[in-house]
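To start, the structure under review is shown below, and the notes come after it.
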Amino acid sequence: MNRRVAYTRGGLPADVLTVTEEPEPAAPERGQVLIRTTAFPVHPGDLQAIEAYPGKAATPVPAGVEATGVVEAIGPGTRVASDVEVGGRVTVFPQPGAWSQWIVADADVVVAVPDELPDEVAAQMLVNPLTTVMLRREAEEHQAFGYDGFLVQTAAGSSVGRLVTGVSQFHNLALVNLVRSERGAAELRKRFPDVPVVATEHPGWADEVRKAVGGRPISAAFDPIGGKLAESLLDLLTPGGKLVSYGLIAEEPISVHTSTLLNKALTLRGKHIGRWLSEASAERRASDVATAKQIALALQDQFDVAATYGLGELVNAVEHAVRPGKVGTVLVRP
């Protein structure tokens with residue numbers, strides 16, 4: 001049997017997700033690859049999509065978009081990358097229904113896993129690194145940094161936030177990290193002792209950021225939270241600066257007065273991995289996937305695993321994935 005995670009209506013994932021059983025998939029057809037899943041990540045974005053699902057589905061909707069596993073078969077006449085082979089380790093994204101024991105994936109979303117990467121990193125090899133690549137390009141295309149501009153990011157202790165920090169250090173981009181608590185700030189300073197960290201639980205945190213940049217402009221900000229925190233970032237940005245929003249953790253809108261936009265000529269952009277999928281050309285996607293693999297290889301120690309669960313512990317897994325203070329990604333081994 002094949003056990004698969006699915007849902008038929010929107011709502012709290014712990015309430016609406018179920019593990020269904022179905023026959024094991026048949027042999028893959030042309031253009032398909034059969035994969036035995038070894039691990040998949042529970043991304044907060046996955047859970048937000050489940051909560052926002054409209055109405056009631058006539059048939060169960062398979063959950064998940066990213067997983068890692070082993071190739072069991074390749075469809076006849078299927079063209080795959082030269083390093084994808086039967087018995088080899090691969091990661092798939094975007095693959096609807098990735099939260100499953102078996103996956104029949106389109107060949108063009110199957111990416112070989114370097115031998116140096118353990119399954120725990122391979123399961124996170126694409127979505128978060130690709131988000132990091134997308135964010136960096138968004139700032140660069142706006143020419144947001146100039147020669148002396150700073151980047152500020154919120155949720156810097158998150159999986160994406162740590163990768164952004166690592167990539168920024170590699171490219172010598174000036175950065176200030178924001179986290180919610182002083183406890184989180186202390187942890188991040190241990191990882192990246194050369195990068196300033198400010199805890200937003202301090203009433204004067206915005207002044208701490210200004211002090212950290214030492215009078216240099218704050219040209220760009222990355223924010224997956226929104227709401228009041230994003231409004232404060234707009235105040236910190238230099239004229240001509242850019243706020244890139246890539247998440248909606250806060251259940252509140254971003255309020256901005258028109259005069260702020262007019263007087264400071266700010267740019268507000270929304271980006272997420274779904275936009276990357278729809279907007280990037282095939283060549284750009286292939287290039288970005290190659291870069292994502294390089295990030296995974298170079299920053300393996302930043303791919304923390306918060307906890308690992310089995311399919312029978314799915315409720316615990318999805319609850320842990322959104323737990324405040326969580327460090328790392330929650331994985332499920334089906």
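Per-structure values
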item: Range in the chain, longest, excluding exposed GluC sites (Glu not before Pro) [loop by DSSP; at most 15 other beta-carbon atoms within 10 Å]; result: 117-200
item: Heavy atoms of Thr329 accessible to a 1.4 Å probe, total area in Å² rounded to 10; result: 10
item: For segment 1-134: rounded, prolate or oblate by the Cα gyration tensor [a/c cutoff 1.5]; result: oblate
item: Cross-link partners of Lys326 among lysines (Cα-Cα below 18 Å; sequence separation of 8 or more within a chain); result: Lys190
item: Long-range HN-HN contacts of Val110 with modeled amide H, under 5 Å; result: none
item: Using θ = phi - 60° and Karplus 6.51 cos²θ - 1.76 cosθ + 1.60, couplings along segment 95-102 (whole Hz; Gly, Pro as x); result: 9, x, x, 5, 7, 8, 5, 10
item: Whole-percent carbon and sulfur share, accessible surface of segment 44-90, 1.4 Å; result: 56
item: Integer Hz, Karplus 6.51/-1.76/1.60 couplings in order for segment 109-122, x for Gly and Pro; result: 10, 8, 10, 5, 9, x, 4, 6, 9, x, 4, 4, 7, 4
item: Carbon and sulfur %, accessible surface of segment 268-334 computed with the full protein complex present, 1.4 Å; result: 50
item: Excluding exposed DSSP-loop trypsin sites (Lys or Arg not before Pro) (at most 16 other C-beta within 10 Å), longest clean stretch of the chain; result: 80-334
item: Hz values of 3J(HN,Hα) by residue in segment 241-248 - Karplus curve (6.51, -1.76, 1.60), Gly and Pro given as x; result: x, 9, 9, 10, 9, 10, x, 9
item: Cα gyration tensor shape for segment 79-130, rounded if a/c is under 1.5, else prolate or oblate; result: rounded
item: Segment 56-213 - accessible surface per residue (Å², probe 1.4 Å); result: 43
item: Spatially proximal lysines relative to Lys264 (Cα-Cα < 22 Å; intrachain offsets below 8 disregarded); result: Lys211, Lys228, Lys242
item: Interchain or long-range residues, amide H under 5 Å from Val332's placed H; result: Phe40, Val42, Tyr309
item: For the chain: relative contact order, % (alpha-carbon pairs under 8 angstrom, 6 or more apart); result: 18
item: Unit charges on C-beta of K, R, D, E only; dipole of segment 147-295, Debye; result: 340
item: 5 angstrom amide H check on Leu175, placed H, neighbours 5+ away; result: Leu151
item: Within segment 24-124: Cβ-based charge dipole about Cα centre, in debye rounded to nearest 20 (Lys, Arg +1; Asp, Glu -1); result: 360
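The values are calculated or read from the model by the stated rules, or taken from the named source; none is laboratory data. Here the structure is a predicted model, which means the values were calculated and not measured. All Cβ positions, even for glycine, are placed from backbone atoms using ideal geometry, and neighbour counts span all protein chains on display. Ligands, DNA and RNA are excluded from the accessible area calculation, which covers all protein heavy atoms including side chains. Shrake-Rupley method; radii C 1.70, N 1.55, O 1.52, S 1.80 Å.
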